[in-house]
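J.: Take this structure first; my questions come after.
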Amino acid sequence: MLTRHITEDVPTLNLTPMIDVVFLLIIFFMLGTKFTEIERKLELKIPEVTHQDSLVRPPEPKVISVYRDGTIVFERQPVTLQELRDELRTLRAEFPKVPVLIRGDVDTRFQKIAEVLSTCKEAQIINVAVAVRPKAEETQTR
């Protein structure tokens, strides 16, 4: 009869990697503390200003869409040219360099696009772009 001896191995925990990480953290914080001490010792006087620009991020480009039937849509709301002019003036008062993107349907009469461009000029919008896309054949040859 065979007798089996079952020996249980006691699980061990290897602490070497954990100790390495702790030492690296200690070194990191010691160096970080040293650099902040050096910065505090600099006798530097920061200049003061009386006027600061807005810390608000400038807005994304505002989109004006001109549809085939001549409908003008600004920020997803149908508007007349007068309403568009008022909206753009209000927007420009808040952000003088607000970008405006004009998107026109390919079949839109250019007269409508010209009227929208003129309205942007009347509202003193200086950053105006017209959306276009490359022809399909040009993108395939590249």
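The values are calculated or read from the model by the stated rules, or taken from the named source; none is laboratory data. The shown structure was predicted, so the numbers you read here are calculated from the model rather than taken from an experiment. Note: ideal-geometry Cβ built from the backbone for every residue, glycine included; neighbour counts use all protein chains shown. Keep in mind that these areas ignore ligands, DNA and RNA; they rest on the heavy atoms of the full protein, side chains included. Shrake-Rupley method; radii C 1.70, N 1.55, O 1.52, S 1.80 Å.
J.: Filter the stretch 56-78 down to the residues that are at pLDDT below 90 and of a type in the set (Asp, Glu), then identify the one that is least open to solvent (accessible area, probe 1.4 Å).
T.: GLU75
J.: For GLN124, are the conditions met, namely being exposed (fewer than 11 other Cβ atoms within 10 Å of the Cβ), within 29 Å of the chain's Cα centre (by Cα) and closer than 22 Å to PRO59 by Cβ?
T.: Taking the combined requirement at face value, the residue does not satisfy it.
J.: A further question follows. When you scan the stretch 89-105, do you find a residue that is open to solvent by 100 Å² or more (accessible area, probe 1.4 Å), within 21 Å of ALA129 (Cα to Cα) and modelled with pLDDT of 90 or more, even just one? Don't jump to the end; show me each part of the working.
T.: Of the residues in the stretch 89-105, the ones open to solvent by 100 Å² or more (accessible area, probe 1.4 Å) are 89, 94, 97, 103.
Next, from what is left, pick out any that are within 21 Å of ALA129 (Cα to Cα): 89, 94, 97, 103.
Subset that is modelled with pLDDT of 90 or more: 89, 103.
Yes: one or more hits.
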